[in-house]
Structures are given as C-alpha cells and as structure tokens.
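Here's the structure we're looking at; comments come further down.
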Amino acid sequence: MLREWPNSYFCPLCYRNLETAFHLVAECPFSKQVWSVVATWPFCSNLSPDGWTADQDLQKWFKLLTTVSGHQGKGLQTLVLLVIWSLWKERNNRIFKQEELSAPRFIALLRDEVRTWIFAGAKHLDSLVGSIFIE
Ligand SMILES: [Zn+2]
C-alpha cells in the first residue's frame with residue numbers, strides 16, 4: 001500500500017521535490033525535522049535521520065528503524081506507523097483542505113496523538129515513550 005499511493009507532482013510538505021512515498025515519509029525536509037525530534041524521545045535514537053542511507057526502499061527503511069535489540073521493537077513499529085500516518089494526514093490536509101501546520105505545531109499534535117494511543121491501550125508504545133508524559 002505504501003508504494004502504490006497516488007502522488008502529487010510536487011511534495012506538498014516541502015513544495016520542492018517530486019513526491020514519492022519514500023520522499024514524503026523519509027527524505028522530505030519537513031519529515032526529517034519531525035523524525036529528528038522524535039529521535040530524542042526515550043529508546044528512539046534509531047529514528048534519527050542522521051543515520052539513514054540514501055536507500056530508496058521503504059520496506060528496508062522501515063526495518064532499519066524498527067529493528068533493535070531488546071524488546072523495544074514493537075513500540076518502535078507502532079510509533080513509526082503513527083508518524084507515517086500523521087505525515088500522510090498532513091499531506092492530505094494540504095492538498096484537499098488547503099490547511100497547513102508548521103513543523104513545531106505538527107510535532108505538538110503528534111505528541112498528543114501518541115498520548116491518545118497510549119490511553120487507548122497501546123502498551124508497547126507506552127513502555128517505549130510513555131515516560132515523556134510523566135511530569
Ligand atoms: Zn517534501
């Protein structure tokens with residue numbers, strides 16, 4: 001599914017590059033800004049774009065992000081899917097509703113979404129990053 005989504009000509013997140021699935025979720029400067037912040041959350045250093053190669057394969061990239069030693073892998077899978085889903089929603093809001101969030105606002109809402117998923121019972125996500133919500 002990730003590979004076959006209908007694309008716009010230019011990426012609606014940066015208006016610079018051609019839109020491909022890999023660009024949108026990984027290479028786009030907007031998305032990289034998001035991943036850089038998410039990578040500062042507990043156990044999430046794997047998600048830092050600094051370590052990414054110019055690999056165009058979404059599946060390999062997803063595996064690279066979520067394959068870790070220990071039991072954090074499931075939480076990372078959930079988190080990566082949540083981030084991808086949020087980026088996709090933002091892309092659609094820009095195209096279909098002409099609504100646009102700044103990266104900091106996007107990240108704030110993403111954080112709220114993570115908390116909502118944890119409240120809804122996302123256990124692995126909770127054991128991964130739940131501590132960021134404890135003041
Ligand atoms: Zn882009």
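I want to check the label-to-label distance for SER45 and PHE96. Put each point 7 Å from Cα in the C-beta direction and report it in nm to one decimal. A separation of 4.0 nm, rounded to one decimal place. Each Lys and Arg contributes +1 and each Asp and Glu -1, all at the Cβ; summed about the Cα centre of the chain, the dipole is approximately 120 debye. With both labels modelled 7 Å from their Cα along Cα-to-Cβ, the SER69 to LYS123 distance reads 2.5 nm.
Note on region 2-133: dipole from Cβ charges, positive end direction compared against GLY130, LEU109, ALA39; the farthest Cα belongs to GLY130.
Coordinate-derived values only; no laboratory data. Remember, it's a predicted structure, so these values are computed and weren't measured experimentally. Note that each Cβ is placed from the backbone with ideal geometry, even for glycine, and that neighbours are counted across all protein chains shown.
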